[in-house]
Amino acid sequence: MEKRVVFRSAWLPYALLAPQLAITVVFFFWPAGQAIWYSFQLQDAFGLHSEFVWFDNFTSLFHDPHYLESFKTTAVFSVAVAGLGIAISLLLATMADRVVRGALAYKTVLIWPYAVAAAVAGVLWAFLFAPSIGIVTYVLKGFGVDWNWIIKGDQAMLLIIIASVWKQISYNFLFFLAGLQSIPKSLIEAATIDGASPWHRFWTIVFPLLSPTTFFLLVINVVYAFFDTFAIVDAATHGGPGKDTAILVYKVYYDGFKALDMGGSAAQSVILMLIVVALTVLQFRFVEKKVQY
């Protein structure tokens, strides 16, 4: 029989929900509403005068070749960050789950990067890959690799991908490790007795049981790649060289706060929000069907 919680006071459930609802309204719905309102306006650089222009800001965006190019840049960046972040984290969690001696030390070291701020992560990796004094650059030159991300766009893109993946690995690792530890060991032992190889056990038993965790992390990592990587891009490459690493969220900031195009920046933020919402809905609509709860 299903148990239901009965509150003695009619107002208590609403009082418990009120703080979360207030935070959601103030920090999500209100800014989103403002962005939609400003996206239909054309403002001067000082914000002293505004004119309602309907969809002119959106029309101008889709006639801007730099903005259209940022879609391709964001797509490559997001797929790489989400895919590599999940794959590497799953590999590390699987290896850490098998460690018997010093397991706590390994897990602690793998969790540490999550405590590093995104801007610090961007500066850290930019310093490691610095063309003149970077340690990694020095090693790469020893292998004959000419590394200079300041003037080479593909290398700058690789730099922010590495920094973003490294920053998110700890978050993914925590959830994968918790998922692995919740799998009954008796299933693995039974498959081992039946002669299943480690690779076969992983793909037929472990990974299907991790599908809810993997789906959750897929949604979170897509949102992370689209929004939370702004500080890494801003601290490491500033969208350069040229516009080679100017992903959509960075272009929203650049056009709004540096180019002072508030209407165009607001329109970009609305488009970015719609893209992320659409991707999330598609994931729940199609990908979740393959999840085994």
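So Ala278 clears everything in (1) hydrophobic (A, V, I, L, M, F, W, C); (2) out of contact with any Phe, Trp or Tyr (no Cβ under 8 Å at 6 or more places or on another chain); (3) open to solvent by less than 20 Å² (accessible area, probe 1.4 Å) except one condition, right? Which one?
Just one mismatch for Ala278, condition (3).
Any chance you could count how many residues in segment 158-180 are over 29 Å from Asp146 (Cβ atoms), open to solvent by less than 50 Å² (accessible area, probe 1.4 Å) and in contact with a Ser or Thr (Cβ under 6 Å, 6 or more places away or on another chain)?
4
Which residues, counting only those in segment 62-88, are free of Cβ contacts under 8 Å to residues at least 60 places away in the same chain and more than 25 Å from Ala267 (Cβ to Cβ)?
Selection gives Gly83, Ala87.
What's the number of the only condition in (1) modelled with pLDDT of 90 or more; (2) open to solvent by less than 30 Å² (accessible area, probe 1.4 Å); (3) part of a loop (DSSP other than H, G, I, E, B); (4) not hydrophobic (A, V, I, L, M, F, W, C) that His238 fails to meet?
That leaves (2) as the condition not met.
Check segment 198-216 and report whether any residue there is open to solvent by 50 Å² or more (accessible area, probe 1.4 Å), at pLDDT below 90 and part of a loop (DSSP other than H, G, I, E, B).
Among the residues of segment 198-216, not one is open to solvent by 50 Å² or more (accessible area, probe 1.4 Å), at pLDDT below 90 and part of a loop (DSSP other than H, G, I, E, B), which makes the answer no.
If you check Ile88 against the conditions, is it closer than 22 Å to Ala163 by Cα, open to solvent by 50 Å² or more (accessible area, probe 1.4 Å), in contact with a Phe, Trp or Tyr (Cβ under 8 Å, 6 or more places away or on another chain) and part of a helix (DSSP H, G or I)? Full working, then the answer.
Working: closer than 22 Å to Ala163 by Cα: yes; open to solvent by 50 Å² or more (accessible area, probe 1.4 Å): yes; in contact with a Phe, Trp or Tyr (Cβ under 8 Å, 6 or more places away or on another chain): no; part of a helix (DSSP H, G or I): yes.
It is false that Ile88 is closer than 22 Å to Ala163 by Cα, open to solvent by 50 Å² or more (accessible area, probe 1.4 Å), in contact with a Phe, Trp or Tyr (Cβ under 8 Å, 6 or more places away or on another chain) and part of a helix (DSSP H, G or I).
Let me confirm something: among Ile183, Ile111, which residue is open to solvent by 40 Å² or more (accessible area, probe 1.4 Å), closer than 22 Å to Leu218 by Cβ, at pLDDT below 90 and in contact with a helix residue (DSSP H, G or I) (Cβ under 6 Å, 6 or more places away or on another chain)?
Numbers: Ile183 fails: open to solvent by 40 Å² or more (accessible area, probe 1.4 Å).
Of Ile183, Ile111, the one residue that is open to solvent by 40 Å² or more (accessible area, probe 1.4 Å), closer than 22 Å to Leu218 by Cβ, at pLDDT below 90 and in contact with a helix residue (DSSP H, G or I) (Cβ under 6 Å, 6 or more places away or on another chain) is Ile111.
The values are calculated or read from the model by the stated rules, or taken from the named source; none is laboratory data. None of these values were measured; they are calculated from a predicted model. Note that each Cβ is placed from the backbone with ideal geometry, even for glycine, and that neighbours are counted across all protein chains shown. Accessible surface areas use protein heavy atoms only, side chains included; no ligands, DNA or RNA. Shrake-Rupley method; radii C 1.70, N 1.55, O 1.52, S 1.80 Å.
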